[in-house]
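Notes follow the structure.
The values are calculated or read from the model by the stated rules, or taken from the named source; none is laboratory data. These numbers come from a predicted model, not from an experiment. All Cβ positions, even for glycine, are placed from backbone atoms using ideal geometry, and neighbour counts span all protein chains on display. The protein model used for the area step is the full one, side chains on, heavy atoms only, and it has no ligands, DNA or RNA in it. Shrake-Rupley method; radii C 1.70, N 1.55, O 1.52, S 1.80 Å.
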Amino acid sequence: MIELYTHPMSPCAQKVRIVLSEKQLDWSAIYVDLAKKENLTAQYLQLNPLGVVPTLVYNDKPIIESSIICEYLDDAFPEKPLTATTPYERAQMRFWMKHVDTKLHPSCGALQWPIIMRPELMKKSEEERNQLLEKIPEKPRRERQKRLVKMGLEAPDVIDSIKTYRSTILKMEQALSQQEWIVSNDFTLADICLAPYFQTIYQFGWQELFFDCPNVARWFNKCMERPSYQEAVLCDFDGDVLKNLREKGLPAWQIIKQHLADLRNK
Ligand SMILES: N[C@@H](CCC(=O)N[C@@H](CS)C(=O)NCC(=O)O)C(=O)O
């Protein structure tokens, strides 16, 4: 039995859910309420010492880190492979996956966190909030979240995130002008790992971030059209949810748009 500790809006968990769906595996979801910080309970930390979703449990063994989970699933269930075929393409695939983990993921967090998690934390007393934030195991993440709670979208992380998103989009546009998917004409784990970070753009209505990149737009539309994407991601964003997120994303867009214009004028 495969179990996945997950949250509907977590891009890392979305990646894993897309892989599970592509492979048509049976699995069960255990929802971790990130707004309530269930990810920082002693019980969850035993399973995932980093205190994050996703965690996959298979044969009673927990596996953590979303990209590693995706590769693990492709190894353990090789039917319908999602790994690129040639060694060069595999290197490219892993480059994109690493880029997502180290650059795009923190950037997405800095944009999404002030809109979704911060308001929940602000309902708590300052003491309770600080106690929760102190429990975050890794220092860079702890410090970043403290900054984002304190400064919201005014935090310096936000402009850096917009720069990272834009440079990623431009690199993707170049790659996608040569081939159908990000590393070749085959859909691979690299596409799966990138797509949820465009879901964030889409759900908040920030598509202007890639309005000048037709190949990226084509690629994301094709990702969204896949049954796996609909089953693993879009099913959690029905009309009302999407409407609500678009409303929440609008004030942030004014800030992002300004930073974007500054970047373009440089
Ligand atoms: N490198 C980890 C990152 C996981 C991660 O940051 N997950 C987020 C949701 S996308 C989370 O659980 N955040 C909770 C928190 O930071 O308190 C992975 O790829 O699995």
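Points worth noting:
- Peptides 188-196, 72-80, 114-122, 237-245 ranked from most to least packed by the mean count of surrounding Cβ atoms within 10 Å: 188-196, 114-122, 72-80, 237-245.
- Along the stretch 145-159 the Karplus relation, 6.51 cos²θ - 1.76 cosθ + 1.60 evaluated at θ = phi - 60°, assigns HN-Hα couplings of 5, 4, 4, 5, 5, 5, 10, x, 6, 7, 5, x, 4, 5, 5 Hz to successive residues, with x for each Gly and Pro.
- Among residues other than L47 with Cβ under 14 Å from its Cβ, the summed charge is -3 (Lys and Arg +1, Asp and Glu -1).
- For the chain, with all protein chains in place and a probe radius of 1.4 Å, 52% of the accessible heavy-atom surface sits on carbon or sulfur.
- Per-peptide average of other Cβ atoms within 10 Å, ordering 136-146, 54-64 highest first: 54-64, 136-146
- Packing-based ranking, highest mean first, of 163-169, 26-32, 106-112, 200-206 given that Cβ atoms within 10 Å are counted: 106-112, 200-206, 163-169, 26-32
- Cα gyration tensor shape of the chain, rounded if a/c is under 1.5, else prolate or oblate by comparing a/b with b/c: oblate
- Spin-label pair K171-I116: with each label point 7 Å from Cα along the Cα-Cβ axis, the two points sit 2.3 nm from one another.
- Simple label model, 7 Å out from Cα along Cβ direction - M151 to K103, nm: 2.2
- Solvent-accessible surface of the stretch 87-265, taken per residue with a 1.4 Å probe and all protein chains present: 49 Å².
- HN-Hα J in Hz across the stretch 96-113 - Karplus 6.51, -1.76, 1.60, θ = phi - 60°, x for Gly and Pro: 5, 5, 5, 4, 4, 5, 8, 10, 5, 4, x, 5, 5, x, 5, 8, 7, 4
- Pairwise label distance in nanometres, S28 with Q179, each label 7 Å out on the Cα-Cβ vector: 4.0
- Here's the picture: a label point sits 7 Å out from the Cα of E231 along the beta-carbon direction, and within the stretch 24-68 the residues with their amide nitrogen under 12 Å of it are 24-27.
- Whichever lysines have a C-alpha closer than 16 Å to that of K171, once near sequence neighbours (fewer than 8 apart) are set aside: K98, K103, K163
- Computed over neighbours whose Cβ is under 11 Å from that of G109, the net charge equals +1, Lys and Arg +1, Asp and Glu -1.
- The residues of the stretch 1-78 expose on average 45 square angstrom of accessible surface per residue, using a 1.4 Å probe on protein heavy atoms.
- FRET efficiency, 1/(1 + (r/R0)^6) with R0 41 Å, evaluated for D262 and E126 via beta carbons: 0.80
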